[in-house]
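Nothing in this text is a laboratory measurement; each read-out follows from the coordinates by a stated rule. On a predicted model such as this, the values are computed, not experimentally measured, just so you know. In this analysis, Cβ positions are derived from the backbone assuming ideal geometry, glycine residues included, and neighbour counts consider all displayed protein chains.
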Amino acid sequence: MTLDELTRPDFPILQRVVNGRPLVYFDSGASSQKPRAVLEAMSRYYERSHANVHRSIHTLGEEATELYELARDAVQRFIGASSREEVVFTRGTTDGLGLIAETIGRTLGRGDEIVVTELEHHSNLIPWQLVAKDRGAVLKAVPILADGTLDLAAYDRLLTKRTRVVAFTHVSNVVGTINPVTEMVRRARGVNALTVVDGAQAAPHQRLDMSALECDFYVFSAHKMLGPTGIGVMYGRRAVLDSLEPGRGGSEMIKEVWIDRAQWNDLPWRFEPGTPPIAEAVGLTAAIEYLEKLGMDRVTEHERALTRQTHEGLARIPGATVYGPPPSVERGAVVSFAVEGLHPHDVAALLDAQGIAVRAGHHCAMPLMRRLGVVGTSRATFSVFNSPDEVALLLTAVAGLSSAL
Amino acid sequence: MSGAGPSAPSGLYSDVIRDRWRRPRHRGDLPGANAVAEDVNPLCGDRVRMMLAVEPEGRIAEARFLGDSCAICTASADVVADLVAGRSRSEAAALDIADVLAVLQAEIRPTRMRCVTLPISVLAKALDWSPKR
């Protein structure tokens with residue numbers, strides 16, 4: 001049984017009819033759909049166990065705390081972190097990257113250098129722009145080559161003894177490039193720079209192992225990996241988290257407080273001020289268990305096949321252009337494309353008229369759009385429930401678009 | 001709905017929009033323009049530049065636009081250029097979205113309304129930008 005045959009019955013939303021056609025959802029890169037297991041886990045939590053965590057002595061408070069902390073264990077297992085203290089819950093990838101930038105930012109001085117790449121989502125660019133402006137630091141970007149991969153020779157030249165942070169995406173949300181994280185981290189470590197990896201487009205699609213990647217920070221969102229909105233993960237290497245002052249203050253993150261000072265709580269709570277997203281953590285646990293049951297290697301294999309089918313199929317359509325690495329190169333579960341004579345938003349609207357949901361626009365990566373010489377692209381992204389038949393529908397629809405407007 | 005293809009009638013893309021997307025009347029540079037503005041739609045990155053040739057007594061002799069934009073935004077810019085030509089500055093400044101929608105004859109969804117309004121807001125900026133008389 002193929003993965004889509006196995007999983008489709010688990011996703012209630014796939015029963016939807018959109019504009020007279022069965023929904024074909026190719027926008028999981030923006031936000032994935034949710035299996036029933038996630039929806040039920042969250043509603044069961046609200047119906048039976050909800051209370052605030054950590055401070056409540058009563059039964060429900062204990063249950064909620066246990067469920068919330070079980071999510072941390074699930075994430076630790078899912079990403080191969082060496083301890084649960086390294087798993088910090090945030091509101092999502094953007095929140096996590098912002099938290100890291102604020103926290104590390106305080107330690108930067110005038111002339112210190114931050115290295116990002118031309119592939120970055122605005123979420124891994126703007127926080128560093130703010131930090132650079134605030135601290136008088138210098139922001140540099142690793143350029144991409146014509147095939148959408150990073151120019152690693154240029155990366156080497158950008159690393160100097162002033163480099164304090166290297167922040168880059170694991171998988172491009174636009175062109176699907178998979179960056180060589182371990183190698184880039186190794187080189188950054190050569191100049192004693194901290195490494196921050198945006199894993200939003202990797203965590204839903206491939207096996208992760210923090211001990212192999214060796215980065216200092218790794219950040220992702222639950223809602224792109226079959227889980228709920230409103231919760232994300234900031235993995236931080238323990239030695240680094242131990243060395244940093246908390247970025248944000250509030251309840252939960254302290255041990256003892258006086259009017260003029262406070263003693264910080266232990267890891268990981270030191271970085272989790274306020275009431276956390278508890279039901280969302282429960283949903284994330286269910287999403288992780290769902291993915292683990294399928295097996296991440298099988299997930300990767302399934303989605304890579306769909307990606308290749310889409311890439312090769314689009315490349316055969318006259319007037320269609322695919323951006324990023326060629327089909328021979330492994331890429332994430334994303335294919336960005338253009339149809340000659342049509343604006344990406346019109347492509348998306350015309351496909352929507354046939355029930356096919358793709359994303360269109362700059363994908364929050366305007367510098368990359370500028371580099372590609374386009375205003376935007378149309379983008380199909382894949383998840384476990386997508387099928388080769390759906391890709392065939394997309395290809396037929398795209399082939400018919402040139403005469404549509 | 002006999003296997004409706006992509007060219008099936010769609011309320012979003014009216015005949016007016018299709019026509020003005022394929023054959024815009026006012027697209028191109030306007031070298032003598034003395035009121036110019038440009039802006040982007042932050043949602044999609046679309047960019048529109050409106051150029052007006054305003055006569056000394058305040059009549060808009062000609063309007064043209066340039067831009068990277070979708071069919072709806074392009075059609076809107078073309079209609080805006082149509083509607084302001086020959087008008088006074090104050091008449092042009094009074095142009096609003098209803099005037100443009102009345103010409104476009106399309107069912108614009110909320111998510112695409114910014115495509116219609118961008119050229120109108122750029123027109124307002126252009127009228128603001130030129131020397132006041």
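A few points about this structure:
- Shielding by partners - mean other protein chain Cβ count within 10 Å, residues of A:346-359: 4
- Most mobile of A:Arg106, A:Arg308, A:Arg55 in a GNM of chain A (Cα contacts under 10 Å): A:Arg55
- Projected label distance in nm at A:Arg316 and B:Asn34, using a 7 Å step from Cα toward the beta-carbon: 6.0 nm
- Taking the alpha carbon gyration tensor of the range A:195-311, multiplying each eigenvalue by 5 and rooting it gives semi-axes of 33, 16, 11 Å, largest first.
- Nearest-0.05 FRET efficiency for B:Glu57 and A:Glu245, computed from C-beta distance (R0 51 Å): 0.20
- For chain A, the C-alpha radius of gyration divided by 2.2 N^0.38 Å, with N the number of residues, is 1.00.
- Here the range A:202-250 has an Rg and Dmax of 12.8, 35 Å, counting Cα atoms alone.
- Label-point separation in nm, A:Gln129 to A:Glu47, each point 7 Å along Cα→Cβ: 4.6 nm
- Between the range B:63-83 and the range A:8-71, the Cα center-to-center distance that results, in Å: 44 Å
- Considering only the Cα atoms of the range A:56-208, their convex hull presents on average a projected area of 10.4 nm².
- Cβ neighbours within 10 Å from other chains - mean over B:64-72: 4
- Overall Cα dimensions of the range A:259-405 - principal axes, largest extent first, Å: 68, 39, 31
- Farthest toward the positive end of the dipole of the protein assembly as shown, out of A:Ser32, B:Thr117, A:Gly250, is the Cα of B:Thr117, where the dipole comes from beta carbon charges about the Cα centre.
- 3J(HN,Hα) along the range A:208-214, derived from phi through the Karplus expression 6.51 cos²θ - 1.76 cosθ + 1.60 where θ = phi - 60°, amounts to 10, 8, 4, 5, 8, 6, 6 Hz, with x in place of Gly and Pro.
- Whichever lysines have a C-alpha closer than 24 Å to that of A:Lys293, once near sequence neighbours (fewer than 8 apart) are set aside: A:Lys34, A:Lys224
- Electrostatic dipole magnitude of the range B:65-121 [Cβ: Lys, Arg +1; Asp, Glu -1; Cα centre; debye, to 20]: 140 debye
- Calculated FRET efficiency for the pair B:Arg22/A:Ala262, C-beta based, R₀ 51 Å, to 0.05: 0.20
- Distance from the C-alpha centroid of the range A:353-405 to that of the range A:214-287: 35 Å, rounded to the whole angstrom.
- Space enclosed by the convex hull of the alpha-carbon atoms of the range B:15-129, per residue, Å³: 87 Å³
- The magnitude of the dipole of the protein assembly as shown, with charges of +1 and -1 set on the Cβ of Lys/Arg and Asp/Glu and taken from the Cα centre, is near 1020 debye.
- Number of partner chain Cβ atoms within 10 Å, mean per residue of B:39-49: 4
- Among A:Ile126, B:Ile17, A:Ile231, A:Ile259, the order by Cβ neighbours within 10 angstrom, fewest to most, reads A:Ile259, A:Ile126, A:Ile231, B:Ile17.
- Max mean-square fluctuation residue, GNM over chain A, Cα-Cα springs under 10 Å, options A:Phe220, A:Phe382, A:Phe11: A:Phe11
- Of the residues A:Ala286, A:Ala64, A:Ala262, the one that moves most in a GNM of chain A with alpha-carbon contacts below 10 Å is A:Ala262.
- Selected from B:Gln105, A:Pro180, A:Ala380, residue furthest toward positive end of dipole (the protein assembly as shown; charges at beta carbon): B:Gln105
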